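Enquirer: A single structure is presented below for examination.
The values are calculated or read from the model by the stated rules, or taken from the named source; none is laboratory data. All figures in this text were calculated on a predicted structure; none of them were measured in a lab. Here the Cβ is made from the backbone with ideal geometry for all residues, glycine too, and neighbour counts use every protein chain on show.
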Amino acid sequence: MIRRGALRSLVLRSLSVAYAALGLDRWYGRVLLFSRDVTASPPAIGADLPLELRDLTEDEIGGFCRARPDVGEADVRRRLDAGYRCLVSRSGERIVGEIWLVTGEVWHSALKRPIRLAPSDVYVYNSFVIPELRGRNLGTARSRLLGERLCAEGYRRMVYTVAPHNRPGLGPSAKLGAERLGSLGYVRVGSLQLDFARLHEGGFNWTRRGRAGTNALSLPTAS
Ligand SMILES: CC(C)(COP(=O)(O)OP(=O)(O)OC[C@H]1O[C@@H](n2cnc3c(N)ncnc32)[C@H](O)[C@@H]1OP(=O)(O)O)[C@@H](O)C(=O)NCCC(=O)NCCS
């Protein structure tokens, strides 16, 4: 049986792959920006499998990369060395996904632009659940667990972006009541590069990219 919405999801994802394959993302791109207050309790949504979140440590990198062959070991080491954190989701001993965390300033690879975070913010990216367990609330339960962990560590907000066509990526945000802060994107015409931020607080603004090619964005602080 085909999941409700799975066909629409597949069509949107295929269109987005074709869009990137045709190189159209050189001219225009947009992501949705979300935040979730980790000091507030979200709805009690759990998964039907036990779930545990653990920081990836140096001696576990080999095992992690064997379980996730599409993740390169050199890339994992480079990110950990740069101070990024990887939280691995396990169900029993089985690795069922991972999520990466950054604080301070993050380079957004799709926007090709740095985002500056407040000290109480954590940026969350590369959220992954193994394909055979998707759509069973593991991503939502993991985000919930992550929020509890971050709150205990003294953070106030998790921030992340999702591509507008990524329906499974939008599911956990909707279920946990994340706040949509707005959308971020760029338009490029020849050598003219304009970044835009349409934030619910702060309206719509365009900024022209400087010669260095960077245009750091500071996010609105938590209310
Ligand atoms: C995004 C991702 C982490 C979500 O994990 P998950 O365990 O599938 O998440 P959940 O089951 O908690 O929620 C997924 C939502 O998508 C819906 N969905 C529909 N088809 C789905 C599919 N084929 N697979 C997964 N979810 C699907 C689910 O029904 C659910 O939404 P709903 O509750 O409104 O119906 C996972 O799908 C994934 O790893 N995707 C590939 C990487 C990616 O896109 N990461 C996100 C970057 S922002």
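Enquirer: Within the group D59, D25, D70, D48, which residue is out of contact with any Cys (no Cβ under 7 Å at 6 or more places or on another chain), closer than 30 Å to R188 by Cα and not in a strand (DSSP E or B)?
Expert: Within the list D59, D25, D70, D48, the selection yields D25.
Enquirer: So which of R13, R77, R54, R85 is on the phi < 0 side of the Ramachandran plot, under 20 Å from the mean Cα position of the chain (by Cα) and within 14 Å of the ligand (Cβ to nearest atom)?
Expert: R13
Residues are listed down the side, and each one gets a yes or a no for (1) free of Cβ contacts under 8 Å to residues at least 60 places away in the same chain; (2) more than 7 Å from the ligand (Cβ to nearest atom); (3) surrounded by fewer than 17 Cβ atoms within 10 Å (Cβ to Cβ):
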position: E132; (1), (2), (3): yes, yes, yes
position: R156; (1), (2), (3): no, yes, no
position: A174; (1), (2), (3): yes, no, yes
position: S191; (1), (2), (3): yes, yes, yes
position: E201; (1), (2), (3): yes, yes, yes
position: T207; (1), (2), (3): yes, yes, yes
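Enquirer: Another question, if that's okay. Among residues belonging to segment 28-45 that are within 13 Å of the ligand (Cβ to nearest atom) and in a loop (DSSP other than H, G, I, E, B), point out the one that is nearest to Q193 (Cα to Cα).
Expert: P42
Enquirer: Filter segment 176-189 for residues that are part of a loop (DSSP other than H, G, I, E, B) and surrounded by fewer than 17 Cβ atoms within 10 Å (Cβ to Cβ) and give the result.
Expert: Scanning segment 176-189 gives a single hit, G177.
Enquirer: Looking at (1) assigned to a helix (DSSP H, G or I); (2) at pLDDT below 95, can you tell me which one R211 breaks?
Expert: Every condition holds for R211 apart from (1).
Enquirer: Okay, moving on. Within the set of pairs 6+ apart or on separate chains, which have a first residue in segment 8-36 that is closer than 14 Å to P168 by Cα, a second that is of a type in the set (S, T, Y), and C-beta atoms under 8 Å apart?
Expert: Pairs found: L32/T161; L32/S183.
Enquirer: Restricting the first residue to segment 44-68 and requiring it to be in contact (Cβ under 8 Å) with a residue 40 or more places away in the chain, which pairs with a second residue that is in a helix (DSSP H, G or I) and surrounded by 12 or more Cβ atoms within 10 Å (Cβ to Cβ) meet a Cβ separation below 6 Å and a spacing of at least six or different chains?
Expert: I45/T140; I45/K175; G46/A141; A47/L138; A47/A141; L51/A141; L53/L145; L56/F64
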